[in-house]
1. So if R0 is 35 Å, what FRET efficiency would residue 11 and residue 59 give, r being the distance between their Cβ atoms, rounded to the nearest 0.05?
2. Could you please rank 7, 51, placing first whichever residue has the fewest other Cβ atoms within 10 Å of its Cβ?
3. Over the chain, what is the relative contact order in percent, taking alpha-carbon pairs closer than 8 angstrom and at least six residues apart?
4. Based on the Cα coordinates of the chain, what is the per residue volume of their convex hull in Å³?
5. Let me have the 222 nm mean residue ellipticity of the chain computed from DSSP H runs of 4+ only, each contributing -39500 (n - 2.57), with the sum over all residues rounded to the nearest 500.
6. PRE reach from residue 45 (point 7 Å along Cα→Cβ): which of segment 20-34 fall under 18 Å by backbone N?
7. For 40, 53, what's the fewest-to-most ordering of other Cβ within 10 Å of each Cβ?
């Protein structure tokens, strides 16, 4: 499982999203989020955490019988 720190730049009528950072440690992700929010001075920029789980990859099909 991975935690992504997402930077959202709010524009008039739309938003731009970028991955600012990532980690597999939830405590570190929270610390990074707090740091980004403390440093950021622009009012149209917001940071958030997204929990990302890699999708399962089907290796072979199950057969009946």
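Read the figures in this text as sums done on the coordinates, not as results from a lab. Keep in mind that this is a model prediction, so the values were computed, not measured. Virtual Cβ from ideal backbone geometry, glycine too; neighbours counted across all protein chains shown.
1. Values: r = 43 Å, r/R0 = 1.22.
Efficiency, rounded to the nearest 0.05: 0.25.
2. Working: 7 16, 51 10.
Sorted ascending by nearby Cβ count, the order is 51, 7.
3. That works out to 42 percent.
4. Details: hull volume 7.2 nm³, N = 65.
Output value, Cα hull per residue: 111 Å³.
5. On the way: 1 runs with 14 residues, N = 65.
Result for the chain: -7000 deg cm²/dmol, rounded to the nearest 500.
6. 20-22, 31-34
7. Exposure proxy ranking, most exposed first: 53, 40.
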